[in-house]
1. Distance in nm between label sites at Arg104 and Ala46, each 7 Å beyond Cα in the beta-carbon direction?
2. Taking a ≥ b ≥ c as the square roots of the eigenvalues of the Cα gyration tensor of the chain, is the shape rounded (a/c under 1.5), prolate (a/b larger than b/c) or oblate?
3. Among Leu88, Leu24, which comes first, then next, by fewest other beta-carbon atoms within 10 Å?
4. Which peptide among 30-41, 173-184 comes first, and what is the full order, when sorted by highest mean count of other Cβ atoms within 10 Å?
5. Name all residues of segment 65-89 having a backbone nitrogen under 14 Å from the label point set 7 Å from the Cα of Thr31 along its Cα→Cβ direction, giving them as ranges.
6. How do His147, His191 rank when sorted from fewest to most other Cβ atoms within 10 Å of their own Cβ?
7. Give me the extension gain from Asp23 to Lys134: residue separation times 0.36 nm, minus the current Cα-Cα distance, reported in nm with one decimal.
8. If each DSSP helix of 4+ residues adds -39,500 (n - 2.57) and the sum is divided by the residues in the chain, what number results at 222 nm, nearest 500 deg cm²/dmol?
Amino acid sequence: MRFPKAKFEQLTRRALDCRQCFDLREVVEPTINVAQPRSVGPGYWASRMRVVVLLLNPGQSRDDGGARGFLERIQEFRAGVRKLDTILAGQRQVMPSWGRPAGRFGEFYVRGLGLNINEIAFVNVAWCATRGNKYPQTVLGRCFQLHTSELLRLLAPDVILACGRQTHRFAGAIAALMPEVSVIRTLHYAHREGRRAEERELRRVRAALSRSRSARGAEPANRRLQPTAAGAVMSRRG
């Protein structure tokens, strides 16, 4: 299955044009005040098992040159003068160093879960950062319905790792959208459950991924995705 690049870029541009949550004053815009697409690895479509890591939101960046530089690059893509591929390739280079302490992101997903950043896709429920990292349920539900659900359909994953309790609320919506996809609920990489809890969780998730990979054989089957069920924006299950 080939990467539907044109559709991905179209969806991203539509998300970049979206201002609903800011215009409704449900949240306050930070320095990077537009949608922030996340990496789809160059090997994602050829991987034996397509895995999406679902996180809640892009964190609020510091108001510094790095944040302003990213905003400039994404605006250049929006204007048609920079390729999205180059932005996401640069993102993949720095992703392992994300987190506090530095490198926590890579420690959890790459070394802990054994994932290859070049073969997986990352998706946020909410595409925009907000001042103070505040996300009312109305904001999360709206973004999922308008943008994230369509992105998940486009990515057609075999497995979704729902990372963090807030993402677990969307398991019902995902099941309605793609009933054949396996959703594995797990910790957020910045959890505060402690080292022992993390080690147990990493073992559990690695085992679940291994079972899913074995069940799918050499290649994942082609699938016909179902339309979003009316009203199935969020699950009330915690």
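1. In this crude spin-label approximation the distance works out to 3.5 nm.
2. On the way: a/c = 1.31, a/b = 1.23, b/c = 1.06.
Rounded is the answer for the chain, as its axis ratio a/c remains below 1.5.
3. Values: Leu88 21, Leu24 12.
Ranked by crowding around the Cβ, least crowded first: Leu24, Leu88.
4. Values: 30-41: 20.3, 173-184: 18.3.
Ranking, from highest mean packing down: 30-41, 173-184.
5. The answer is 65-73.
6. Numbers: His147 23, His191 15.
Fewest-to-most Cβ neighbours within 10 Å comes out as His191, His147.
7. Working: separation 111, 0.36 × 111 = 39.96 nm, distance 1.53 nm.
Here the answer is 38.4 nm.
8. My calculation for the chain gives -11000 deg cm²/dmol from helical runs alone.
Every number in this text was worked out from the coordinates using simple rules, so none of it is lab data. Predicted model, so just to flag it, every value in this text is computed and none were measured. Glycine also receives a Cβ, built like all others from the backbone with ideal geometry; neighbour counts cover every protein chain displayed.
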